[in-house]
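Below: the structure, in structure tokens.
Rule-based calculations on the coordinates, nothing more; no lab input. Remember, predicted model here, so these are calculated numbers, not experimental data. Positions of Cβ are generated from backbone atoms using ideal geometry, with glycine treated the same way; all protein chains shown enter the neighbour counts.
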Amino acid sequence: MGSVRTIAGFVVKELIQLWRDPKILSVLFIAPIVQIIVLGYAATTDIRKVELVVCDLDRSVASRELIDAFTASTYFDQVAAVPTQDDLDPWLDSGRARVAVTIPSGFAADREAGRTGRIQVLADGSDAMVGTLGLAYAQGVLRIAAEAAGARAPIELRPKVLYNPDLVSRYFMVPAVLALLIMIMAMMLASMALVREIELGTMEQLLVTPLTPSAVITGKLVPYAMVGVVEFVTGLLVVLFWFEVPLRGSFAVLALMTALFMICSLGLGLLVSTVSRTQQQAMMISTFVFLMPQIYLSGFVFPIQNMPRIFQLVTYAIPLRYFVTALRGIFLKGVGLDVLWPQALAMLGLAVIIFTVARLRYRRTLG
């Protein structure tokens, strides 16, 4: 009982120390909301209003209807109409247009005779995403235009997108941004927990107290875990009500996964603090050794299946990989632990390993 009371007093001391620093409070509670809002808009793969330049060599009713089909869609923004194909190159070269459409002479005549009407679509490949999506959008517009004209396509295509029918990128990017912010805040705060005591010269006082290393670690991390819970709830409200991302799964499963991930992040921060002697060192190690690799290798930005095999193996040791997968499954697919248990088990195992190593490091260097 006395040990619990001692740890509780240590936790209260840490909370008071946080409360007395207004700069830290602003970073903890205001910066995450601003970052979620900014990154929620910035981290998007939606591409709309692709710049389009048109060369209509047929100048018929059918060609004008086809051009209207392009401009009436939400995918293209016609920036110019040129008289010859040679005039298309300057628009594509300068980047003022990303897609060019040429309708050749005889287009209407071919359609009236029952022959396939052919057009040329050029896409700016310097931006692979815009170019690929521009071609895909163009194919969609052509298919719709052909169906509207009563033409029969050689292959009938009926696409269907599950979980996110409108392919709204914020639905799968914003939850991942929330995971990223939880990781950054938890790891950064925990990484400087013990280092701050060293810089202030109070570590020696901790070492001569009757507190065990486990009690010191608990007392240091519990306040930051409490802060992390507040940040998670606040960020979740932004995700649900500002960005209107649907939460189709169980909140209890979401809370469990978040708790496991937060424990992993706090453990990594504690591990960093045991190998650092200044807050600057802790910040650098956290950023370049742990944060950046997790961002790049977690599937948050780049698909894991596209990575070389060696890096795919490394991703199994990254907690963010499992949490991002879990978040997207809970938010968009509505799945539960019956599907996400491998992610939960992986984060639990990583948490045990990380805290074991950090505890041994703490005892050897400070205890």
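With contacts defined as alpha carbon pairs under 8 Å and 6 or more residues apart, what's the relative contact order of region 50-148 in percent? Result for region 50-148 is 32 percent.
Could you tell me what percent of the DSSP beta bridges with both partners in region 50-148 are antiparallel, to the nearest 5? Show your work: numbers first, answer last.
Working: 4 of 15 bridges.
Antiparallel bridges: around 25 percent, rounded to the nearest 5.
Which value in Å is the Kirkwood Rh of region 50-148 over different Cα pairs?
Details: mean 1/r = 0.0741 Å⁻¹.
Result for region 50-148, one decimal place: 13.5 Å.
Taking the centroid of alpha carbons for each part, region 62-88 and region 240-294 are 48 Å apart. Which residue, chosen from 104, 50, 78, occupies the Cα position most advanced towards the positive end of the dipole of region 50-148, where the dipole is computed from +1 (Lys, Arg) and -1 (Asp, Glu) charges on Cβ about the Cα centre? It is 104, whose Cα lies furthest towards the positive end. Extending 7 Å from the Cα toward the beta-carbon at both residue 105 and residue 233 defines two label points whose distance is 7.4 nm. Would you be so kind as to identify which of 304, 339, 294 lies farthest towards the positive end of the dipole of region 290-367, taking Lys and Arg as +1 and Asp and Glu as -1 on Cβ and the Cα centre as origin? Ranked along the dipole, the leading option is 294.
Where does the charge balance sit around residue 80 when Lys and Arg score +1, Asp and Glu -1, over other residues with C-beta under 10 Å from its C-beta?
Here the count lands on -1.
Explain nothing, just the number: dipole magnitude of region 50-148 about its Cα centre with +1 on each Lys and Arg Cβ and -1 on each Asp and Glu Cβ, in debye rounded to the nearest 20.
Details: 8 positive and 15 negative charges, 58 e Å.
It works out to roughly 280 debye.
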